[in-house]
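Worksheet for the structure shown next.
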Amino acid sequence: MKRQSRAGQLRGLRQHFYRRAVNAQADQPLRVLAYSLVPSPRARPDEDWGTLQAEADQLGYAIAARLHDVAVPVTTTYFPASSASQGVYTPPWDRPGWREAERQLREGLADGVLVLDRHNISSDDDEYHAVIKHLGEHCRAFLHLVISEEPVAPT
């Protein structure tokens, strides 16, 4: 139950910054950066781009740019008890594509970031919360997820 309430809090924070962006816009569509996190250097974000474009079209967003990063380097050799065989997690603010997204947001080139789900940003609740707050407070931007943190119950 605690996890659901945390997901609801995170969604509420995202929606707060979204409403602020909508209220700040005149009669122009919101401009978003489509952001994808691909699983390997050989993976291409094309499938994500299609999904993100469809979401943008449905909501009337204009995609200002498409950015992506590689999630985790794939280790091909396993050495027992070696850190070389473990995956390396990179926080969003250390990823080149995410840093570029923040730069564009700070410069006013977009109003928000559109991603498939929160795991493209971070699976850690505290880190994800920090990213939402940073975007809203320092970049005056919002984060839109195609798949929300907390699924809506069927009616």
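Observations, loosely collected:
- Ligands, DNA and RNA are left out, and with a 1.4 angstrom probe the accessible area of segment 2-43 is 64 Å² per residue.
- Whole-Å distance, taken between Cα centres, linking segment 125-147 and segment 1-56: 9
- Protection proxy ranking, peptides 27-40, 89-102, 53-66, average beta carbon neighbours within 10 Å, highest first: 27-40, 89-102, 53-66
- Peptides 103-109, 133-139 ordered by average Cβ neighbours within 10 Å, highest first: 133-139, 103-109
The values are calculated or read from the model by the stated rules, or taken from the named source; none is laboratory data. Source: prediction; values computed, not measured. In this analysis, Cβ positions are derived from the backbone assuming ideal geometry, glycine residues included, and neighbour counts consider all displayed protein chains. Note: areas computed on protein heavy atoms with side chains; ligands, DNA, RNA excluded. Shrake-Rupley method; radii C 1.70, N 1.55, O 1.52, S 1.80 Å.
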